[in-house]
Amino acid sequence: LRALAVPDSIFGITGIYLRITFLGAPFTFFYNALAAGLKSVGDSKTPLKFLAFSAVLNAVLDLILIGGLGFGIVCSAVTTVVAEAASALLAAVYMARRVPELCPGQGQWRIRRDLLGPILRYGAVTAVQQAVQPICKVLIQGQVNALGVGAIAAFNAVTRVDDFAFTPEQSIATAITTYIAQNRGAGQTARIRRGFAVGLRLELGYWLLMGSLTLLLRRGILSLFVAGEGAADVIALGSTYLGCMAVFYALPALTNGFQGFYRGMGKMTTTLIGTCLQAGLRAAAAAVLAPRVGLPGIAFACAFGWCVMLAFEVPYYFWTCREL
């Protein structure tokens, strides 16, 4: 937290918040493993339903306990952990009842070396890729922290909106991955291009909906997350950021679609290179723009990273299609 330049006025409470949220990490790991298992057998809707339930439960608990009863920010960490635990529990119960073939048997609770190697090979690239994004977010958070408490409050609010906007885009990308992988395995190459085109249309259609709602309702949305003294300034700052991002949401819609395509084609190195380009250049751009432009500079840094990622992945897509 010191390295991230967290202001002294909120340093103590931030430390407590982190300790509590870290306690919920095992629930997140458990849910991700179960969700991956369900998606592997073609059930991508159920994990999304559990994730949506978790998000709604978290928001409702925050509104009741913090907004209504006046509990502090520490309560937000507790509600987050509770929501994560609920999604993991629901996924476990569902899998045990509906997909028992995925549940390990009595003699399967051991490490098998013949399976460990392939799992590590497949998972290592994905793990590195998944680690790049949080590292980038930490670097960007450091730039936001230097802008002061008002910018921190606004950024925390708008990232909630960003997460809500990105989750369906990522889910569509997961569907693209599953569809392409299945058709690639079946040798149905003609269906790969058609399916990918449909996936991109879904991504852009969702962006039109989400971007329009965000642009029109951004102040009202932010008022759900911001209250108390100085709320008007925080909402004004956050609405400027969301006004830019409402347009820029089209870029991650496309990058998620292409990432889904490359994962389905088994080109995990390509997805890693694209992610590293996007995250690294976004963090670098944020370091340049945030001190000069403020919070909107973070939005433009995100757009820059996504554009570079597309500049790499789109031409390579046409090269890849030569193999089909």
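The values are calculated or read from the model by the stated rules, or taken from the named source; none is laboratory data. Just so you know, these numbers come straight off a predicted model, no measurement behind them. A quick note on method: Cβ atoms are made from the backbone with ideal geometry, for glycine too, and the neighbour counts reach across all protein chains shown.
Here is a yes/no grid of residues against (1) out of contact with any helix residue (DSSP H, G or I) (no Cβ under 6 Å at 6 or more places or on another chain); (2) in the same structural domain as SER76 (by TED's automatic domain parsing); (3) closer than 30 Å to MET265 by Cβ:
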{"position": "ASP163", "(1), (2), (3)": "yes, no, yes"}
{"position": "THR167", "(1), (2), (3)": "yes, no, yes"}
{"position": "GLY185", "(1), (2), (3)": "yes, no, yes"}
{"position": "LEU209", "(1), (2), (3)": "yes, no, yes"}
{"position": "ARG218", "(1), (2), (3)": "no, no, no"}
{"position": "GLY228", "(1), (2), (3)": "yes, no, no"}
{"position": "ALA231", "(1), (2), (3)": "yes, no, no"}
{"position": "ALA236", "(1), (2), (3)": "yes, no, no"}
{"position": "SER239", "(1), (2), (3)": "no, no, no"}
Among the listed residues ALA197, ALA173, identify the single one that is closer than 18 Å to GLN259 by Cα and in contact (Cβ under 8 Å) with a residue 40 or more places away in the chain. ALA173
If you scan segment 240-268, which residues turn out to be among the hydroxyl-bearing types (Ser, Thr, Tyr) and surrounded by 19 or more Cβ atoms within 10 Å (Cβ to Cβ)? TYR241, TYR249, THR255, TYR262
Conditions (1) touching a helix residue (DSSP H, G or I) at 6+ places or on another chain (Cβ under 6 Å); (2) within 26 Å of VAL226 (Cβ to Cβ); (3) of a type outside the set (D, E, K, R): number failed by LEU69: (1)
Looking at the structure I just gave you, is GLU203 outside any helix (DSSP H, G or I) and acidic (Asp, Glu)? no
Give the residues of segment 133-148 that are more than 12 Å from the chain's Cα centre (by Cα) and either of a type in the set (Val, Ile, Thr) or assigned to a helix (DSSP H, G or I) (or both), sorted by residue number. ILE135, CYS136, VAL138, LEU139, ILE140, GLN141, GLY142, GLN143, VAL144, ASN145
When you scan segment 149-180, how many residues do you find that are among the small types (Gly, Ala, Ser) and over 22 Å from the mean Cα position of the chain (by Cα)? 1
Do the conditions hold for THR159, that is, is it β-branched (Val, Ile, Thr), out of contact with any Cys (no Cβ under 8 Å at 6 or more places or on another chain), surrounded by fewer than 20 Cβ atoms within 10 Å (Cβ to Cβ) and under 30 Å from GLY12 (Cβ atoms)? yes
For ALA311, only one of the following conditions fails: (1) within 19 Å of ALA173 (Cα to Cα); (2) within 18 Å of the chain's Cα centre (by Cα); (3) hydrophobic (A, V, I, L, M, F, W, C). What is its number? (2)
Of the residues that sit in segment 25-53 and are over 17 Å from the mean Cα position of the chain (by Cα) and not in a helix (DSSP H, G or I), which one is surrounded by the most Cβ atoms within 10 Å (Cβ to Cβ)? ASP43
Looking at segment 88-105, is at least one residue at pLDDT below 85, more than 19 Å from ASP43 (Cα to Cα), surrounded by fewer than 16 Cβ atoms within 10 Å (Cβ to Cβ) and over 27 Å from the mean Cα position of the chain (by Cα)? yes
What are the pairs with Cβ atoms under 8 angstrom where one residue, in segment 122-134, is not assigned by TED's automatic domain parsing to the domain that holds THR270 and hydroxyl-bearing (Ser, Thr, Tyr) and the other, located anywhere, is exposed (fewer than 12 other Cβ atoms within 10 Å of the Cβ) and part of a helix (DSSP H, G or I)? Sequence gap at least six, or different chains. none
